[in-house]
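Notes to accompany the following structure.
The values are calculated or read from the model by the stated rules, or taken from the named source; none is laboratory data. Because the structure is a prediction, the values reported are computed rather than measured. Here Cβ is always computed from backbone atoms with ideal geometry, including for glycine, and neighbour counts include all displayed protein chains. Please note that ligands, DNA and RNA were not included when accessible areas were found on the heavy atoms of the full protein model with its side chains. Shrake-Rupley method; radii C 1.70, N 1.55, O 1.52, S 1.80 Å.
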Amino acid sequence: MTAIQIYDEQELVHIAFDDIRKYHGTKEMAAVGVAYRMAEAAFEALYGVDVPERQELAIQAGQDCAGFRDAFEFITRAETRGKYFVDPDYPAARFDPYTRSSYAFIFSRATGEEVEVSLKKDFLPAVFYDLAKKDRDCLLTQDEAQAFETLKKDLCFRALELPLDEVVEVR
């Protein structure tokens, strides 16, 4: 896997997945891995072979998960620049049967061009949503908590290893 390239002012910055993992930590590994791939897909769709510029990017998120937010912030600095917006009512890619969260994110350029990148419907197994609900409700047993952390790490590495079109959809 190659590092994401992005311009910060005039400086070309190379961002590897491990850079984001160090920034975010390990709590939401699945989201961090998926977000990394979403950024790759969005940049390819919006820029082709050209390198994006941080200053011209904005992101509309369908949920406020820390893993997605931190990954996109590290790459684009959109939240710091006031260009990261959460729309909990965004209707696309609502796979979690227990929440209204969307797994879709809209990346837009200052030119007005935009692309929606969403997680593939079958990427997360049903048990992920069940454990996430129990985690939100503080009902995980110790064994379930360990299983959930292992599952999130496994999903992260799966997202990084699979071909991009098996992880996300671009519209």
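Name the residues whose placed amide hydrogens come within less than 5 Å of the amide hydrogen of residue 7, ignoring near sequence neighbours (fewer than 5 apart) on the same chain.
Placed amide hydrogens put 13, 53, 54 under 5 Å from residue 7.
Got the relative contact order for segment 50-171 handy, in percent, Cα pairs under 8 Å and 6 or more residues apart?
22 percent.
On a 0 to 90° scale, report how tilted helix 142-161 is relative to the longest principal axis of the chain, with both axes built from alpha carbons and the result rounded to the nearest 10.
The two axes meet at around 30 degrees.
Any chance you could tell me what percent of the C-alpha pair distances in segment 119-171 go past 12 Å?
Value for segment 119-171: 67 percent of Cα pairs lie more than 12 Å apart.
Could you give the Stokes-Einstein D for segment 81-171 in µm² per second, using the C-alpha Kirkwood radius, 25 °C, 0.890 mPa s?
D = 164 µm²/s.
Given charges of +1 on the Cβ of Lys and Arg and -1 on the Cβ of Asp and Glu, with all other atoms neutral, how large is the dipole of the chain about its Cα centre, in debye to the nearest 20?
Computed about the Cα centre, the dipole is about 360 debye.
Quick one: angle between helix 66-76 and the longest Cα principal axis of the chain, in degrees between 0 and 90, rounded to 10, please.
The answer is roughly 10 degrees.
With θ set to phi - 60° and the Karplus curve 6.51 cos²θ - 1.76 cosθ + 1.60, what are the ³J(HN,Hα) couplings of segment 46-52 in order, to the nearest whole Hz, using x for Gly and Pro?
7, 10, x, 8, 6, 9, x
In Å and on Cα atoms, what radius of gyration and Dmax does the chain show?
Values for the chain (Cα only, Rg and Dmax): 15.6, 50 Å.
So what are the three principal axis dimensions of segment 1-90 from its Cα atoms, in whole Å, longest to shortest?
The principal-axis extents, from largest down, are 32, 26, 22 Å.
Which of the peptides 67-74, 22-29 is most tightly packed, and how do the rest follow, judged by the mean count of other Cβ atoms within 10 Å per residue?
67-74, 22-29
If you roll a 1.4 angstrom probe over the protein chains with everything in place, what fraction of the accessible area of segment 1-135 belongs to carbon and sulfur, to the nearest %?
47
How large is the charge dipole for segment 58-143, taken about the Cα centre, if only the Cβ atoms of Lys, Arg (+1) and Asp, Glu (-1) carry charge, to the nearest 20 debye?
Charge dipole, segment 58-143, about its Cα centre: 140 debye, nearest 20.
Using the Karplus equation 6.51 cos²θ - 1.76 cosθ + 1.60 (θ = phi - 60°), what ³J(HN,Hα) coupling, rounded to whole Hz, does each residue of segment 85-94 give in order, writing x for Gly and Pro?
10, 9, 10, x, 9, 4, x, 7, 6, 8
Which whole-number value in Å² is the accessible area per residue of the chain, probe 1.4 Å?
For the chain, the solvent-accessible area averages 51 Å² per residue.
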